[in-house]
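To start, the structure under review is shown below, and the notes come after it.
The values are calculated or read from the model by the stated rules, or taken from the named source; none is laboratory data. Not measured: the values here are computed from a predicted model. We place every Cβ from the backbone using ideal geometry, glycine too, and count neighbours over all the protein chains shown.
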Protein chains: 2
Amino acid sequence: MADFLVQNCDSILEANQVDVENARKKNVSRAMIDRLTLNPERIAGMADGLRQIAALPDPVGEVISMWKRPNGLQIGQQRVPIGVIGMVYEARPNVTTDAAGLCLKSGNAVILRGGSEAINSNKAIVKVISEALAGTDVPEDAVQLVEDTSRETATELMKLNKYVDLLIPRGGAGLIEAVVKNATVPVIETGTGNCHVYIDSDADLEMGEKIIINAKTSRPAVCNAAETLLVHAAVAEKFIPSALASLKNLGVELRGCEKTRAIFPDALPATEEDWYTEYLDYILAVKVVDSLEEAIDHINKYGTKHSEAIVTRNYDNARKFLQEVDAAAVYVNASTRFTDGGEFGFGAEIGISNQKLHARGPIGLRELTTTKYIIFGSGQIR
Amino acid sequence: MADFLVQNCDSILEANQVDVENARKKNVSRAMIDRLTLNPERIAGMADGLRQIAALPDPVGEVISMWKRPNGLQIGQQRVPIGVIGMVYEARPNVTTDAAGLCLKSGNAVILRGGSEAINSNKAIVKVISEALAGTDVPEDAVQLVEDTSRETATELMKLNKYVDLLIPRGGAGLIEAVVKNATVPVIETGTGNCHVYIDSDADLEMGEKIIINAKTSRPAVCNAAETLLVHAAVAEKFIPSALASLKNLGVELRGCEKTRAIFPDALPATEEDWYTEYLDYILAVKVVDSLEEAIDHINKYGTKHSEAIVTRNYDNARKFLQEVDAAAVYVNASTRFTDGGEFGFGAEIGISNQKLHARGPIGLRELTTTKYIIFGSGQIR
């Protein structure tokens, strides 16, 4: 598939050009046009992504555990493909090859339903993928594209319980909500991340500053970026002036609680709404808390159960934070930005789940499998 | 909770008596009245069930795996409660204590929505449970009953994504379908079992007969009972007369394909419908197949992906069957009846899932948990 993508770069770029022109005519946002636009480098990047997936170990067939019962039955739990996965996503042609690669590598067939703005690009890409598959033992229909991008067709796909085993929506909050609301097929929600960094009373403040700067500014538009900084009152006067000045110098708009603003008057006043907001931008909410408990309560109330970090040197506080914060990934003394399939060592990911069922955190190849029990007997009856 | 149940036996039986009388007036089936009716022995049994659950190891807090990344981050995956579980079930008061016990033991709160016919029994049981919890550190509201048993309230419960993390329907196909159709909260389907036993050309026929007799007759009304017997043509003339005669003597009605009936004329003719049917009764469909492949295709087409068994002495056939049959539990030389939390060594179960996400097979305490990543750093940034 990677080779075919590169070889057929021209036909894909030609189709992409049509999509980009249509999008321009519709006055869609520059960010969206940027995500939509392909060029030879981006196609080479998509091909590289596929090669990396191909190089990963095959998750299918792994026996996670096997035990013997007193009656002699040997019971094993083996990873098997889920079956048919429906991907519902926005106008990002790179998701098309990513999803195809990850689903095939984990033994699944995939039905792709990308955003209408990328339909010509997606058609060209899936045509190339099918041609690549035609020369292999994998059925060419293992990767299919829903060419009708109407809302009705998408809704129909979401109700095909007999044919589709799992839906993975990937995109903004509106898309995900629509899938959760309309689907009868099981869904893994890939999530919004309203992530926090909490600077404890006993924190290494230099480390804390590095971590919040990294968590906020290394890539603000992604879901594992920090959106709110919580600072224990005991260190607020020491920590806030330096850290917030550094953030401000990096172009971050600061919105603080009253106590924060008393220390750092340049911060705008934060409203209740700010605590709930995933800015995905160079904006950070800042709140001074009086205790670790207040920090944990704030996170569990306003957070989206994605990635949460404490900076502390205190053993008990680290332990309490790890146990009591309800999120897919809870960090001590590290940036929230590590919540990622690659950084976790999974090799690749199809998204990050912040729902609790089946997959929580990065969705790698293992999360794209299910299991079956294989049972070896010698005539046992009950 | 177990002690309180036994101590308050009288008040529960009094409430149950009201339900049973109301049910009799409504002319519901005898089987349903039997499931609804409590007596001191049944209440003692419910209390014993709770004691057994209490004695199981706590699944919460277990770190399934932990690894170190090249940057020094230590990443562990720890079991944590799911949160709030909604149980939707029929008029079986014993499910009330079972579900409460399993959900609490796995650290979850539970909202119970039992069948309207058992509402007085359920109110009495949940009152007793709350009284028992009042003397502990567990909030008494951790076990709640939906007292309004209207359909509207049930549908509302199924859409409370903000408050309910998981729905588990337990009951007949109609109930499960209604939940899957109406719910926006994630659902684990507990399943119908159209299970097969396949007698291979190279089977120990004596073993095969014992297995099909056990799988069909030891408890026909449960989901892991066999519904169809597949017999390889090479052994059909030797196997069918004896096995079917034994089954018939045990009161099993036999419905066979033409080849079966040519060998065992007492069998009624099976229709296409029979291959799809979960009888849950003393009825067995029987089909002669020409090959292992035909057996596997039949199972994958008509089965419900629950429990499937091959009887064979052939290594390659055993392996092929294990790999190619798509089901929660696939057996070689053992009865399908072992698909059960207790028999698998899980101690207890809340049902058997034949969906593929999160839990496949018996849903024990571990399946009632999710995980979170706990990450130990020393100042890592990305």
Return yes or no: is residue B:128 in contact (Cβ under 8 Å) with a residue 40 or more places away in the chain, within 14 Å of another protein chain (Cβ to nearest Cβ) and farther than 14 Å from residue B:168 by Cα?
no
Kindly list, by first and then second residue, each pair from a residue in the range A:258-278 that is more than 18 Å from residue A:297 (Cβ to Cβ) to a residue that is among the hydroxyl-bearing types (Ser, Thr, Tyr), limited to pairs with Cβ atoms under 6 Å and residues at least 6 apart or on different chains.
A:267/A:260; A:278/A:192
Out of everything in the range B:358-380 that is among the hydrophobic types (A, V, I, L, M, F, W, C) and crowded, with 22+ Cβ neighbours inside 10 Å, what residue ends up being nearest to the chain's Cα centre (by Cα)?
B:363
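Would you mention how many residues in the range B:323-334 are at the interface with another protein chain (Cβ under 10 Å from one of its Cβ atoms) and not in a strand (DSSP E or B)?
The number of residues fulfilling the criteria is 5.
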So residue A:175, is it away from chain B (no Cβ under 14 Å), touching a Pro at 6+ places or on another chain (Cβ under 9 Å), within 27 Å of residue A:92 (Cβ to Cβ) and touching a residue at least 24 places away in the same chain (Cβ under 8 Å)
yes
Among the residues of the range B:223-252 satisfying the criterion of being in contact with a Phe, Trp or Tyr (Cβ under 9 Å, 6 or more places away or on another chain) and loosely packed, with under 15 Cβ neighbours inside 10 Å, which is farthest from the other protein chains (Cβ to nearest Cβ)?
B:241
Six or more apart or on different chains, Cβ atoms under 9 Å: show the pairs whose first residue is in the range A:1-29 and loosely packed, with under 13 Cβ neighbours inside 10 Å and whose second is among the acidic types (Asp, Glu).
A:26/A:117
Among (1) loosely packed, with under 15 Cβ neighbours inside 10 Å; (2) away from chain A (no Cβ under 14 Å); (3) not in a loop (DSSP other than H, G, I, E, B) - the single one residue B:281 does not satisfy
(3)
Of these, A:311, A:286, which one is within 14 Å of chain B (Cβ to nearest Cβ) and either in contact (Cβ under 8 Å) with a residue 24 or more places away in the chain or touching a helix residue (DSSP H, G or I) at 6+ places or on another chain (Cβ under 6 Å) (or both)?
A:311
Restricting the range A:179-196 to residues that are away from chain B (no Cβ under 11 Å) and not hydroxyl-bearing (Ser, Thr, Tyr), the residue that is farthest from the chain's Cα centre (by Cα):
A:196
Applying the selection to the range A:239-255, what residues are under 12 Å from residue A:200 (Cα atoms) and among the basic types (Lys, Arg)?
none
Exactly one condition in (1) at pLDDT 95 or above; (2) farther than 16 Å from residue A:93 by Cβ; (3) among the basic types (Lys, Arg) is not met by residue A:30; state its number.
(1)
Within the bounds of the range A:54-76, is there any residue that is away from chain B (no Cβ under 14 Å) and in a helix (DSSP H, G or I)?
yes
Exactly one of B:320, B:305 is assigned by TED's automatic domain parsing to the domain that holds residue B:213 and in a helix (DSSP H, G or I), and that residue is B:320
Regarding the range B:303-310, can at least one residue be identified that is surrounded by fewer than 24 Cβ atoms within 10 Å (Cβ to Cβ) and of a type in the set (Asp, Glu)?
no
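Yes/no matrix, rows are residues, columns are (1) surrounded by fewer than 20 Cβ atoms within 10 Å (Cβ to Cβ); (2) closer than 30 Å to residue B:321 by Cβ; (3) in contact (Cβ under 8 Å) with a residue 24 or more places away in the chain; (4) in the same structural domain as residue B:33 (by TED's automatic domain parsing):
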residue	(1), (2), (3), (4)
B:111	no, no, yes, yes
B:119	no, no, yes, yes
B:132	no, no, yes, yes
B:144	yes, no, yes, yes
B:148	yes, no, no, yes
B:152	yes, no, no, yes
B:212	no, yes, yes, no
B:221	yes, yes, yes, no
Reported set for the range B:161-178 where residues are within 16 Å of residue B:84 (Cβ to Cβ) and buried (at least 16 other Cβ atoms within 10 Å of the Cβ) is B:161, B:164, B:165, B:166, B:167, B:168, B:169
Among the residues of the range A:42-49, is any surrounded by fewer than 20 Cβ atoms within 10 Å (Cβ to Cβ) and farther than 16 Å from residue A:5 by Cα?
no
Helices (runs of 4 or more DSSP H) wholly in the range B:88-183 with at least 2 residues that are in contact with a Phe, Trp or Tyr (Cβ under 7 Å, 6 or more places away or on another chain) and at pLDDT below 95 - which ones?
none
Of the residues in the range B:335-382, how many are touching a residue at least 40 places away in the same chain (Cβ under 8 Å), facing chain A (nearest Cβ under 7 Å) and farther than 26 Å from residue A:107 by Cβ?
10
